[in-house]
Amino acid sequence: MQEQLQKYIPPKALAQISELVQHENLVVKIKQERKTRHGDYRCLPNGKHEITINSNLNSYRFLITLIHEVAHLEAFKTYGRAIKPHGKEWKYTFQHLMLPFLNPEIFPVDLLPLLARHFKNPKASSDTDVNLSLALKQYDEPNDKTYIFEVPQGSVFKIYNGKIFQMGTQRVKRFECIEVKTGRVYLFNPNAEVELIK
């Protein structure tokens, strides 16, 4: 599995990750991009465990996602099925697994304070931590997308599924946008990436 993962994670993290994923009943699969998730964990009916991760993630987000999913496996093994997917048992496990990786040999120095803050109380997705998400996106391959906070009010844009919206006003943290076809109002996080329509 080490060979499979080495092109996706920071080189200095490889030895630790190899130990972390050494479970005889664990399969890690690299998938094409899925718009709604970076990765997932499943306990299969045959007793095996499966983790899938998107192949298009930058190495830092890939590493965080992989450890996030391993935390699901470890929390499941330690606490059983009755726990909440992103409850306190998972949070504790994720923090514990992530701590050895939070150093400048693995992550860029500019990410470390944001990661430290995030892991005081990790969320179900790093995307809900806007500052961390924006900082991680600086390491993505360049693309033609625009962040929603950069879209001028009244402008029209589309999202990954083809739906078209008009930019509205900012609420406390999120942006109110109107779906052109239905007139329904949706709220977008500032770090959402959209495609402007000229």
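The values are calculated or read from the model by the stated rules, or taken from the named source; none is laboratory data. As the structure is a computational prediction, the values presented were derived from the model and not from experiment. All Cβ positions, glycine included, derive from the backbone under ideal geometry; neighbour counts span all protein chains shown.
Tabulated values for the structure
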{"read-out": "Residue check, residue 127 acidic (Asp, Glu), assigned to a helix (DSSP H, G or I) and assigned by TED's automatic domain parsing to the domain that holds residue 57", "value": "yes"}
{"read-out": "Residues (β-branched (Val, Ile, Thr), assigned to a helix (DSSP H, G or I) and out of contact with any Ser or Thr (no Cβ under 9 Å at 6 or more places or on another chain)) located in the range 29-77", "value": "67"}
{"read-out": "Hey, residue 134 surrounded by 18 or more Cβ atoms within 10 Å (Cβ to Cβ), part of a helix (DSSP H, G or I) and more than 11 Å from the chain's Cα centre (by Cα) or not", "value": "no"}
{"read-out": "Among the candidates 128, 78, 65, residue that is crowded, with 19+ Cβ neighbours inside 10 Å and out of contact with any Cys (no Cβ under 8 Å at 6 or more places or on another chain)", "value": "65"}
{"read-out": "Residue within the range 27-35 that is in contact with a Lys or Arg (Cβ under 7 Å, 6 or more places away or on another chain) and either surrounded by fewer than 15 Cβ atoms within 10 Å (Cβ to Cβ) or not acidic (Asp, Glu) (or both) present", "value": "yes"}
{"read-out": "Residue in the range 71-82 that is in the same structural domain as residue 19 (by TED's automatic domain parsing) and under 23 Å from residue 192 (Cβ atoms) present", "value": "no"}
